[in-house]
Amino acid sequence: MYQKIKQTIVTALVFLLLIRFGLLIADPLPLDGNADSALAIYKDWRDFINWIYLSTEMLEWPLTQVFNLLGMLWAPINSDNFPLTPSIQLMGWTASLPWPASVKPWIQGGGISNLFAGIFDWKSLMMVPILALIANYLDNIVDFFRNIVWNLLIEFSFTKKKQALYQEALEKRAMDLMKLNADYRNLTKEATNLKDKVITDELTDVYNKRFFIEKVRDEFEKAKKSQRELAIIMLDIDHFKKLNDTYGHLMGDKVLKAVAQVAKNATPANCYCCRFGGEEFSIILPAKDAAVSQQVAEKIKKEVEYLQFNEDPGLRVTISQGVCQVDFQAKDAKGLSQFDKMIKLADDELYRAKLEGRNRICTQQIN
C-alpha cells in the first residue's frame, strides 16, 4: 500500500513538472509580460496556469537554494538563463541573419524565444531526475523521519511510564529469581537427602552395602592404576545371635548402633565406614598403609570393649576383625585383578579371627 502511494505521488509530481514545461513553451508572459500575444488558453485559464507555476516553483525551491549558495561562489549561476546562455546568444545571432521580409520582424521581435520559452525553465527538467532519484531512497528517508518522530513523540512522552514498567518488570523478575533460587535450594536439599537415604543404612546411619560395593570397586581401580595402597577392614560382633536371643532384638539394635558409631568415629577422613550386612561392618581405607589400618582396627576393638548400656550395665560386647592391606606397587599385588578378591581376603581373615577365639584382629598384607 505504501509503495503504491509513493509511486502515485512521485508520478503526479513529475507529470506536474512536465505540464509546467509544456505550458511555458508558448506562454510569453513569464518572458516579456505581454499577455496580449498569448494563446487563448493562457487568457482563459490564467489563474489555473499560474497556480501550476506556483506549485512547481515550490518543488523547485530546494534546487533554487542550492544554486543560490553556489551563486555566491560563481555569479553566472544566479542568472535565470544559466546554463542556457550559449543558446540565448545563438538566438540573438540568428536574428541578424538575412531572413525573408515576412519572417524577419517576428524573429527580431524574439519570436523564437517566445515560442520556446520552456527551454529557460531548466530547473523543472532537472527536478524530474532528482525526483526519480529521491523515489529510490524515499524508504530510507521515511524511516529516518519516522525514527525521529518516534524518539521525540513516543520515547520522551512515555519515559516515566516506561521506567515504571521496566522497574515493575525488574522487580517481578527479581522475585521470580528469588523463588527459583529457593526452589533450587529445596530441590538440592531434597536430592541430597534422597541420595543420603539411598546410600545410608537406616538403622546405624553409616553407608550401606550398596555404597560399599560401588566405592570399594572405584577405590580398587584407582589404587591399582596409581600404584598406591588400599586397606579393607571387615568386623563382626561376637556372639550377636546369642545376644539377640538373650536381650531381645531391640537391645540388639542398640548394640548395632553403638558399634557402628564407634567404627564411624574411628574411621579417618576420606575413608568410609559401611554396614556390610547383619552384625557385620566394613571400612574402606584408601591410601593407608598397614600401620594405619592396624591402628584403626585396634582403636575400634578397644572402644567397643568399653561400651556400656544402661539397660544392662554388665553387658559387654566384643568384635572380631579381618584386615586386608595391599600395596599395589608390590609384585604379588598384580595377582589381584578384581576388587572382590580383596574383599574375600579380608573376609577370610575375619573368619580366621573367629576360629582363633574371637575378640581379635587378623591381618593379611600384600606388599
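The values are calculated or read from the model by the stated rules, or taken from the named source; none is laboratory data. Since we're looking at a predicted model, the values are computed, not measured. We place every Cβ from the backbone using ideal geometry, glycine too, and count neighbours over all the protein chains shown.
Of ILE199, ILE237, ILE283, which residue is of a type in the set (Val, Ile, Thr), under 28 Å from ALA333 (Cβ atoms) and touching a Phe, Trp or Tyr at 6+ places or on another chain (Cβ under 9 Å)?
Step by step, each of ILE199, ILE237, ILE283 is checked, and only ILE283 is of a type in the set (Val, Ile, Thr), under 28 Å from ALA333 (Cβ atoms) and touching a Phe, Trp or Tyr at 6+ places or on another chain (Cβ under 9 Å).
Limited to the range 319-358, what total is found for residues that are part of a loop (DSSP other than H, G, I, E, B), in contact with an Asp or Glu (Cβ under 9 Å, 6 or more places away or on another chain) and buried (at least 16 other Cβ atoms within 10 Å of the Cβ)?
Within the range 319-358, residues that are part of a loop (DSSP other than H, G, I, E, B), in contact with an Asp or Glu (Cβ under 9 Å, 6 or more places away or on another chain) and buried (at least 16 other Cβ atoms within 10 Å of the Cβ) number 1.
Condition check ((1) in a loop (DSSP other than H, G, I, E, B); (2) more than 52 Å from the chain's Cα centre (by Cα); (3) among the charged types (D, E, K, R); (4) buried (at least 17 other Cβ atoms within 10 Å of the Cβ)) across all residues:
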residue	(1), (2), (3), (4)
ASP253	no, yes, yes, no
LEU256	no, yes, no, yes
ARG275	no, no, yes, yes
LEU285	no, no, no, yes
VAL304	no, yes, no, yes
ARG316	yes, yes, yes, no
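Can you spot a residue in the range 291-301 that is over 20 Å from GLU219 (Cα atoms), at pLDDT 95 or above, of a type in the set (Lys, Arg) and surrounded by 18 or more Cβ atoms within 10 Å (Cβ to Cβ)?
yes
Step by step: first the residues of the range 221-244, then only those that are in contact with a Ser or Thr (Cβ under 6 Å, 6 or more places away or on another chain) and part of a strand (DSSP E or B), then the one that is farthest from MET342 (Cα to Cα). Which residue is that?
Out of the qualifying residues, it is ASP236.
Just need a number here: residues in the range 186-202 that are loosely packed, with under 12 Cβ neighbours inside 10 Å and modelled with pLDDT of 85 or more.
Count: 1.
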